[in-house]
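The values are calculated or read from the model by the stated rules, or taken from the named source; none is laboratory data. Source: prediction; values computed, not measured. All Cβ positions, even for glycine, are placed from backbone atoms using ideal geometry, and neighbour counts span all protein chains on display.
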Amino acid sequence: MSDPEVHHEESGSKGRYFIRHESGESELTYSIMSEKLRIADHTAVAEGQEGNGIGLIMLRRLIDDARKQGFKIVPLCPFVNAQRRKHPEWADVFSV
């Protein structure tokens, strides 16, 4: 099975990655502090999608974008911070 499509939107100083499901949307939100810094502040997975790796799929998209665009991530969200600790290979994109 392939990963679901991750959408991205930004407005002003806020942004989010999200995946649409029949039961609603899962999202990972962030605040834009500067051109070089994003604060990942919240991750929520839609009802019925828990345990399917949806949060990790969205986080990987954020990490890919951080590498491509040259910004760092501050892991304020507990989920993002926990995943950061589990994946030392992501150290280059985190500002802690």
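Would a scan of the stretch 52-65 turn up a residue that is of a type in the set (D, E), under 21 Å from A82 (Cβ atoms) and assigned to a helix (DSSP H, G or I)? Yes, the stretch 52-65 has at least one match.
Of the residues contained in the stretch 25-38, none is found to be surrounded by 11 or more Cβ atoms within 10 Å (Cβ to Cβ), assigned to a loop (DSSP other than H, G, I, E, B) and modelled with pLDDT under 95.
Filtering S23, S2, S11, S34 for residues that are without any contact (Cβ under 8 Å) to a residue 60 or more places away in the chain, of a type outside the set (V, I, T) and either within 20 Å of D92 (Cβ to Cβ) or in contact with a strand residue (DSSP E or B) (Cβ under 9 Å, 6 or more places away or on another chain) (or both) leaves a single hit, S34.
Exactly one condition in (1) under 18 Å from S2 (Cβ atoms); (2) in contact (Cβ under 8 Å) with a residue 40 or more places away in the chain is false for N52; which is it? It is condition (2) that N52 fails. G12 falls short on exactly one of the conditions (1) touching a Cys at 6+ places or on another chain (Cβ under 6 Å); (2) surrounded by fewer than 11 Cβ atoms within 10 Å (Cβ to Cβ); (3) not hydrophobic (A, V, I, L, M, F, W, C), and that condition is (1).
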